[in-house]
Each structure stands twice: as structure tokens, then as C-alpha cells.
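Structure record follows, encoded as C-alpha cells.
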Amino acid sequence: MEDRLRADYGYLTAWAAGMAVYEIVPTGNDTWRATLGMPKAIMYCAEINADATSCLYSVADNSKVGCSGETDNQSTKTTTTTDLSSMTDEQLIQLIQQAANQLQQNQQAGK
């Protein structure tokens, strides 16, 4: 399951900084919850279904980061009206990673 989470949410910059899956526990007959983060800070919670689909949530505000298989998740969204000085370090890191991922996709598509 950890490999699947890494594949589905590979755009999260925290992977490069050492983020890991810390535990996967059953929450029902066909569902599990995984906690992801750094050694001293859990950052995300993933709800995983038996068919290996999942949704990822930020533990800071319980906002949905994205779901596996979605084409319109945070890895493809951009915001041009946000004042960068009002963003947290984590939000800035995610924005940078999103831009890098989009650049890579554009290059692969020959844009």
C-alpha cells in the first residue's frame, strides 16, 4: 500500500524530505487509514479502499488534498491571485512542486 500511496501522491514534496507512511490500520471491512509524515509530525491521512483507491487529507485542517485517479487534484491546480507572503512554508513547498510537476508534464507533452 505504501508504494501505491507514493505513486498516487508523488507530487507531494515532503517525499523528497523524508516523508514516510507510519501506520496503516483497518477502519472497516474493506477500508484502511494510513498516516503519512515526518518522524515527529504527521502531515497527512489517507483513506484507502479495498480496490486500492484512496483520498488524502491534510491533518492540519482536514482539507482534501486529492484522490487517486483524479485528474483535477492539487497537482494540476494553480492559483495566481494568492499573495505568496501569506502562504505557509508547506503551501509554498507544494506550490513549487506543483509547478515543477507541470513543467515536467509540459516538456513530456512537447509544449
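The values are calculated or read from the model by the stated rules, or taken from the named source; none is laboratory data. All of these numbers come straight from a predicted model, not from anything done at the bench. No Cβ is skipped: glycine too gets one built from the backbone with ideal geometry, and neighbour counts run over all protein chains shown.
Report every pair of residues separated by at least 6 positions or lying on different chains whose Cβ atoms are under 6 Å apart, first residue within the stretch 85-102 and touching a residue at least 12 places away in the same chain (Cβ under 8 Å), second part of a helix (DSSP H, G or I).
Listed pairs, sorted by first residue: ILE93/THR13; GLN97/THR13.
Among what's in the stretch 24-41 and is among the polar types (S, T, N, Q) and surrounded by 10 or more Cβ atoms within 10 Å (Cβ to Cβ), pick the residue that is farthest from ASP8 (Cα to Cα). Steps first, answer last, please.
Kept after step one, since they are among the polar types (S, T, N, Q), are these residues of the stretch 24-41: 27, 29, 31, 35.
Of the ones still in play, those that are also surrounded by 10 or more Cβ atoms within 10 Å (Cβ to Cβ) are 27, 31, 35.
On the way: THR27: 20, THR31: 17, THR35: 15 Å.
So, considering only residues that are among the polar types (S, T, N, Q) and surrounded by 10 or more Cβ atoms within 10 Å (Cβ to Cβ), the one farthest from ASP8 (Cα to Cα) is THR27.
Considering only the stretch 76-96, I want to know if a residue exists there that is modelled with pLDDT under 75 and surrounded by 13 or more Cβ atoms within 10 Å (Cβ to Cβ).
The answer is yes, given that some residue of the stretch 76-96 is modelled with pLDDT under 75 and surrounded by 13 or more Cβ atoms within 10 Å (Cβ to Cβ).
Rundown of residues vs (1) β-branched (Val, Ile, Thr); (2) assigned to a helix (DSSP H, G or I); (3) touching a strand residue (DSSP E or B) at 6+ places or on another chain (Cβ under 8 Å), yes/no style:
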site	(1), (2), (3)
ALA7	no, yes, no
ALA14	no, yes, yes
GLU23	no, no, yes
GLY28	no, no, no
ILE48	yes, no, yes
ALA52	no, no, no
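Would a scan of the stretch 42-59 turn up a residue that is at pLDDT below 90, surrounded by fewer than 14 Cβ atoms within 10 Å (Cβ to Cβ) and of a type outside the set (A, V, I, L, M)?
Checked the stretch 42-59: no residue is at pLDDT below 90, surrounded by fewer than 14 Cβ atoms within 10 Å (Cβ to Cβ) and of a type outside the set (A, V, I, L, M).
Return the residues of the stretch 12-34 that are of a type in the set (Val, Ile, Thr) and either within 19 Å of GLN91 (Cα to Cα) or at pLDDT below 90 (or both); say none if nothing qualifies.
Initial filter on the stretch 12-34 (of a type in the set (Val, Ile, Thr)): 13, 21, 24-25, 27, 31.
Listed by number, the list holds a single entry, THR13.
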